[in-house]
1. Cβ-Cβ distance below 8 Å, separation of 6 or more or different chains: which pairs start in region 266-295 with a residue that is at positive phi and without any contact (Cβ under 8 Å) to a residue 24 or more places away in the chain and end on one that is of a type in the set (Lys, Arg) and more than 10 Å from the ligand (Cβ to nearest atom)?
2. List the helices (runs of 4 or more DSSP H) that sit entirely inside region 165-239 and contain at least 1 residues that are polar (S, T, N, Q).
3. Can you name the number of the only condition in (1) away from the ligand (no atom under 16 Å from the Cβ); (2) in contact with a helix residue (DSSP H, G or I) (Cβ under 9 Å, 6 or more places away or on another chain); (3) not in a loop (DSSP other than H, G, I, E, B) that TYR90 fails?
4. State all residues of region 104-121 that are closer than 17 Å to GLY139 by Cα, out of contact with any Asp or Glu (no Cβ under 8 Å at 6 or more places or on another chain) and not basic (Lys, Arg); if no residue qualifies, say none.
5. List pairs: first residue in region 243-260 and β-branched (Val, Ile, Thr), second residue surrounded by 18 or more Cβ atoms within 10 Å (Cβ to Cβ) and in a helix (DSSP H, G or I) anywhere in the structure, Cβ distance under 6 angstrom, at least six positions apart or on different chains.
6. Could we say that ARG245 is within 16 Å of the ligand (Cβ to nearest atom) and more than 18 Å from CYS159 (Cα to Cα) here?
7. For region 124-145: of the residues being at pLDDT below 95 and of a type outside the set (Phe, Trp, Tyr), which is surrounded by the fewest Cβ atoms within 10 Å (Cβ to Cβ)?
8. Is it true that some residue in region 163-175 is closer than 23 Å to PHE225 by Cα and in contact with a strand residue (DSSP E or B) (Cβ under 9 Å, 6 or more places away or on another chain)?
Amino acid sequence: MTDEIVRVLTKEAPVKAMAITGRDLTERARQIHKTLPVATAALGRALMACSMMGDQLKGEGSSVTLRFRGDGPLGSITAVSDVGGEVRGYVQEPAVILPARADGKLDVGGAVGKTGTLTVIKDLDMKEPYVGTVPLVSGEIAEDVTDYFAVSEQIPTACALGVLVDADQSVLRAGGYLIQLLPDAGEDVIERVEAGVKKLGPVTAALLEDGVDAEELLRRTLSGFELEVVERHPVSYRCPCSRERVSTALVSMGRDELTALIREQGRAELTCQFCDRVYAFDRRELEDLLHRATH
Ligand SMILES: [Zn+2]
């Protein structure tokens with residue numbers, strides 16, 4: 001089953017919702033960053049939330065960045081998505097080992113930390129990006145995203161995210177949903193959504209059942225509503241880095257720094273934080289870049 005995002009509208013109530021399955025994109029992140037289980041779960045949740053939020057944006061070239069800065073051992077977590085939900089990210093300390101919680105689940109909240117901030121940067125291809133920062137609620141990612149929407153965008157939201165890691169540390173299941181109430185939603189609608197969220201329980205448990213995909217997650221959570229699927233498309237872990245982009249970054253260092261780099265090291269090797277691709281430049285290539293530098 002390929003990762004996908006499904007968006008639905010409810011016919012009779014002011015609710016819009018989307019769900020994601022993200023097993024492959026989380027597994028890809030695990031392989032790139034060599035994350036251990038609690039980091040895999042935290043990063044996977046952040047990536048899926050970011051992918052859904054990216055998918056909500058309009059305008060080619062727009063992007064959304066989520067940055068979780070908690071006081072837990074994982075350090076910061078960064079995720080970036082484009083408008084199509086294509087997502088990438090990394091966690092500062094991927095090799096953290098923490099004991100499981102009393103209920104046997106990975107202690108994502110403990111690993112991220114309960115004190116800190118979530119910053120959301122929406123770059124809408126305009127001059128100034130929209131930036132919103134909220135304090136972390138629990139470090140469990142989904143609760144923090146829910147709170148972000150409530151506080152920073154005044155949108156009542158239900159968000160759930162889950163990553164189930166297998167015994168061999170690979171990702172077995174990953175998915176989540178984002179259900180949002182439009183301004184004219186009444187108390188009765190809120191209660192029905194809350195009841196559905198409660199009835200579904202943890203998303204990873206639902207995803208373990210045969211035939212449960214992103215659409216089925218929404219159908220079960222919003223079981224009392226008549227749903228209309230308005231969009232569905234595959235999503236993946238994707239880094240848009242390229243030699244040209246890295247070259248531009250080197251040029252933007254400026255003449256003085258580039259000259260110093262050539263003199264002191266004679267070469268440069270840059271590793272992309274998101275995909276671990278290494279870009280190497282020899283002396284002649286660096287000198288060509290120096291000619292392009294304008295300051
Ligand atoms: Zn890259």
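1. So the pair list comes out as GLY266/ARG283.
2. 203-207, 214-221
3. The failed condition is (1).
4. Result: LEU106, ASP107, GLY110, ALA111, THR117, THR119, VAL120.
5. Qualifying pairs under 6 Å: VAL251/LEU289.
6. Yes: the conditions hold for ARG245.
7. LYS127
8. There is at least one residue in region 163-175 that is closer than 23 Å to PHE225 by Cα and in contact with a strand residue (DSSP E or B) (Cβ under 9 Å, 6 or more places away or on another chain).
The values are calculated or read from the model by the stated rules, or taken from the named source; none is laboratory data. Please read these numbers as outputs of a predicted model, since none were measured by experiment. We place every Cβ from the backbone using ideal geometry, glycine too, and count neighbours over all the protein chains shown.
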